[in-house]
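Visitor: Okay, handing you the structure first.
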């Protein structure tokens, strides 16, 4: 489902005494996270906050936000999720944010009446993503997100059409 504001990372701690935040990025890389000059403290875009400075430190981002200038300002933010505005991060055609794919219904491309389940998670393996599909009985199936399998993705309607590889859903009743 298309969302205007997407989760981009969680504040996992503070760094130093001047209010710098340690953020675990939930995107492709810490460098990608650093592209954003405005972030949001909510998923509605009401609580915008300006990024004053950001830098990578290993796999995390060290972030300075407007209005957070001391350890006392920063400490209560630990555990909070930061959001980005989708319009600030255009994607090429055929690419989607994981949070837009999750909760989409997965159906057979040749028989739309055949529903496999709901996409619940995406594992990024390097070679290709692997989609986690959960059926109505709570069983999980792993589906390679490759062009031969994924026929159509419509995140607006929440429908993904696939042609699964033989054997993936064979234990279905």
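Conditions (1) modelled with pLDDT under 95; (2) surrounded by fewer than 19 Cβ atoms within 10 Å (Cβ to Cβ); (3) in the same structural domain as residue 125 (by TED's automatic domain parsing), marked per residue:
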{"position": "13", "(1), (2), (3)": "no, yes, no"}
{"position": "30", "(1), (2), (3)": "yes, no, no"}
{"position": "40", "(1), (2), (3)": "no, no, no"}
{"position": "51", "(1), (2), (3)": "no, yes, no"}
{"position": "59", "(1), (2), (3)": "yes, yes, no"}
{"position": "66", "(1), (2), (3)": "no, yes, no"}
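Visitor: Among 8, 2, which is the only one that is touching a helix residue (DSSP H, G or I) at 6+ places or on another chain (Cβ under 7 Å), surrounded by fewer than 19 Cβ atoms within 10 Å (Cβ to Cβ) and closer than 29 Å to residue 118 by Cα?
Guide: So the residue among 8, 2 that is touching a helix residue (DSSP H, G or I) at 6+ places or on another chain (Cβ under 7 Å), surrounded by fewer than 19 Cβ atoms within 10 Å (Cβ to Cβ) and closer than 29 Å to residue 118 by Cα is 2.
Visitor: A follow-up question, please. Can you name the residue in the range 149-162 that is part of a loop (DSSP other than H, G, I, E, B) and either outside the structural domain of residue 113 (by TED's automatic domain parsing) or at pLDDT below 95 (or both) and is also surrounded by the most Cβ atoms within 10 Å (Cβ to Cβ) among such residues?
Guide: Among residues in the range 149-162 that are part of a loop (DSSP other than H, G, I, E, B) and either outside the structural domain of residue 113 (by TED's automatic domain parsing) or at pLDDT below 95 (or both), the one surrounded by the most Cβ atoms within 10 Å (Cβ to Cβ) is 155.
Visitor: OK, next. Of the numbered conditions (1) buried (at least 17 other Cβ atoms within 10 Å of the Cβ); (2) over 22 Å from the mean Cα position of the chain (by Cα); (3) in the same structural domain as residue 157 (by TED's automatic domain parsing), residue 74 fails exactly one; give the number of that condition.
Guide: (3)
The values are calculated or read from the model by the stated rules, or taken from the named source; none is laboratory data. From a predicted model like this one, the values you see are computed outputs, not experimental measurements. Positions of Cβ are generated from backbone atoms using ideal geometry, with glycine treated the same way; all protein chains shown enter the neighbour counts.
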